[in-house]
Amino acid sequence: MTWVLANLGLIWARTLDHVVLSLPPIVLCFLIALPLGWLARRYRISRGIILTGAGLLYAVPSLPLFFVLPAVIGTGLRSPLNVIIALTLYGVALMVRVVSDGLDSVDADVRQSASAVGYSAWSRFWQVELPLSGPVLLAGLRVVAVSTVSLVTVGAVIGVQSLGSLFTDGFQRGIQAEIIAGLVVTVGLALVFDGGLVLAGRVLMPWNRRAAPSKPNVPVELRAT
Amino acid sequence: MNLFADAVNWILEPANYVGSNAIPLRLAQHLVFTLVTLVMASAIAIPLGYLIGHTGRGRGLAVTTSGGLRAIPTLGLLTLVALWVGIGVVAPYVALTVLAIPPILAGAYTGFEAIDRRTVDAARAVGMSELQIVQKVEVPLGLPLLIGGLRSATLQVIATATLAAYVADLGLGRYLFAGLKTRDYAEMLGGSMLVILLALALEGIFALIQRFVVPRGVSGRVGGRAPGTTDSTPVSHSLRTEDPTVAR
């Protein structure tokens, strides 16, 4: 506790680093997964390719990916960009499946009715299918958010500063309180992100509010390393 | 691409196949570590998961606990346990067993839950004892989802075992950290490629096993979506064995 009180400034600085590293992947993966997920649902061939690719990508361990990415895209080994890109890839790998399932969950009758009253394919997607698959997408994003916040810490071992630096530093200097503080703040940050998403869901999908958050079908497993 | 050529050369370099840092030795360490961790985690998670799945009790607690466990960063857990028990292999074993339990537990009880209640009732009606129901009905029908849980746990452990090299002299992850220290990028990249290949190979093997263990008479689409239902049922999803994320 003494350590924590004496180093509040450090913990705050690392928390900010952590937020800077974890927010972009969560936002970017959603934007990238949306068209890919749509494509995966639309054609049989693209479905096979995209979903298989996503599954394989998701199976790649994070630490080796942090080492391989610089060789592929030419960033420095200790560049925060590696972490952001790697985590965006994981997010996309998870979200394409979710987007595809979410669009799938829209009742075929509803889709046909929308076409019958004159929606074009484009406006039907934005005004009917996307809002209706919202709960599924939200549940998927919550998984991505928690997973991303946890994964950012791994970057600390290659020198990308985040709350994970409290683990490596605490380990090297033998300060238990530092590691525990890192654990508590990381889990806390994950909860804050999760809460923020739930709140955003309430605001954006007010029609969904009455229903208790029955968990739609989303992957329960999340990558932690 | 020169970097990759260097890495491949590093992998093929004969000097890396002898001594206490030989690639086959590190690979064996990695695999043994993964196997032991999975066996320990399974010994705890499978009986517990079956109990939860069969009785339907304690599900809420299991979901909450394993959800909480999953949010904990693995590096934090590893370093904390390493400080408690000292540097060495004990810390990774403890930390990774804890991490491998939630997916296996979830695989075990969701496997039971996904079974049509009528099937279980029918088994009871023809006079099977509770033990027989578990052994002859629930375990075989729940197997694909259990294997899914094991698959997920295995990938998790393979990945985290790499990270465990940070606190112990263990497995393929050593190359990553050794290369990082000596600024030998070929070693880091070569080691990383080996870990990725291992993970993908295991992913492929598990995908095959998962397809293989679906009992005869249960096709992938049985119990699929009934006409008129809008939401996708758990059964149709759970038996989609090619599914990369949902079944894992």
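The values are calculated or read from the model by the stated rules, or taken from the named source; none is laboratory data. All of these numbers come straight from a predicted model, not from anything done at the bench. For neighbour counting, all protein chains shown are included, and Cβ atoms are generated from backbone atoms with ideal geometry for every residue, glycine included. Just the protein is used for accessible areas: all its heavy atoms, side chains included, with ligands, DNA and RNA removed. Shrake-Rupley method; radii C 1.70, N 1.55, O 1.52, S 1.80 Å.
Mind checking which residues of segment A:148-172 are open to solvent by 10 Å² or more (accessible area, probe 1.4 Å) and part of a helix (DSSP H, G or I)?
Applying the first criterion (open to solvent by 10 Å² or more (accessible area, probe 1.4 Å)) to segment A:148-172 yields A:156-157, A:159, A:161, A:165, A:168-169, A:171-172.
Result: A:Ala156, A:Val157, A:Ser165, A:Thr168, A:Asp169, A:Phe171, A:Gln172.
Among the listed residues A:Val20, A:Val96, A:Val92, which satisfies the condition of being open to solvent by 10 Å² or more (accessible area, probe 1.4 Å), within 13 Å of chain B (Cβ to nearest Cβ) and at pLDDT 90 or above? Outline the logic, then answer.
Details: A:Val20 fails: within 13 Å of chain B (Cβ to nearest Cβ); A:Val96 fails: open to solvent by 10 Å² or more (accessible area, probe 1.4 Å).
Exactly one of A:Val20, A:Val96, A:Val92 is open to solvent by 10 Å² or more (accessible area, probe 1.4 Å), within 13 Å of chain B (Cβ to nearest Cβ) and at pLDDT 90 or above, namely A:Val92.
If the Cβ limit is 6 Å and pairs must be 6+ apart or interchain, which residue in segment A:98-117 that is free of Cβ contacts under 8 Å to residues at least 60 places away in the same chain pairs with which residue that is part of a helix (DSSP H, G or I)?
A:Val106/A:Glu129; A:Val106/A:Leu132; A:Ala114/A:Arg124; A:Ala114/A:Val128
So, in segment B:56-99, exactly how many residues are hydrophobic (A, V, I, L, M, F, W, C), closer than 22 Å to B:Thr154 by Cα and part of a loop (DSSP other than H, G, I, E, B)?
The total comes to 2.
The conditions are (1) facing chain A (nearest Cβ under 8 Å); (2) assigned to a helix (DSSP H, G or I); (3) of a type in the set (Ser, Thr, Tyr), and B:Tyr166 fails exactly one of them. Which is it?
Every condition holds for B:Tyr166 apart from (2).
Condition check ((1) at pLDDT 90 or above; (2) farther than 14 Å from B:Pro103 by Cα; (3) open to solvent by less than 80 Å² (accessible area, probe 1.4 Å)) across all residues:
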| site | (1), (2), (3) |
| --- | --- |
| B:Leu3 | no, yes, yes |
| B:Ala15 | no, yes, yes |
| B:Tyr50 | yes, no, yes |
| B:Arg57 | no, yes, no |
| B:Gly67 | no, no, yes |
| B:Val81 | yes, yes, yes |
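Restricting to segment B:139-160, name every residue that is in contact with a Pro (Cβ under 7 Å, 6 or more places away or on another chain) and open to solvent by less than 10 Å² (accessible area, probe 1.4 Å). Before the answer, list the steps.
Narrowing segment B:139-160 to residues in contact with a Pro (Cβ under 7 Å, 6 or more places away or on another chain): B:140-141, B:149, B:152-153, B:156, B:158-159.
Within segment B:139-160, B:Gly149, B:Ser152, B:Ala153, B:Ile158, B:Ala159 meet the criteria.
Which members of segment B:169-198 meet the condition of being open to solvent by 10 Å² or more (accessible area, probe 1.4 Å), of a type outside the set (Val, Ile, Thr) and in a helix (DSSP H, G or I)?
Going through segment B:169-198, the residues open to solvent by 10 Å² or more (accessible area, probe 1.4 Å) turn out to be B:169-170, B:174, B:177-178, B:180-187, B:193-194, B:196-198.
Checking the rest, the ones that are also of a type outside the set (Val, Ile, Thr) come to B:169-170, B:174, B:177-178, B:180-181, B:183-187, B:193-194, B:197-198.
Listed by number, the residues that qualify are B:Arg174, B:Phe177, B:Ala178, B:Leu180, B:Lys181, B:Tyr185, B:Ala186, B:Glu187, B:Met193, B:Leu194, B:Leu197, B:Leu198.
Which residue, of A:Gly164, A:Gly170, A:Gly174, A:Gly159, is under 23 Å from the mean Cα position of the chain (by Cα) and either acidic (Asp, Glu) or farther than 30 Å from A:Leu36 by Cβ (or both)? Spell out how you get there, then give the answer.
Working: A:Gly164 fails: either acidic (Asp, Glu) or farther than 30 Å from A:Leu36 by Cβ (or both); A:Gly170 fails: under 23 Å from the mean Cα position of the chain (by Cα); A:Gly174 fails: under 23 Å from the mean Cα position of the chain (by Cα).
On inspection, the qualifying residue turns out to be A:Gly159.
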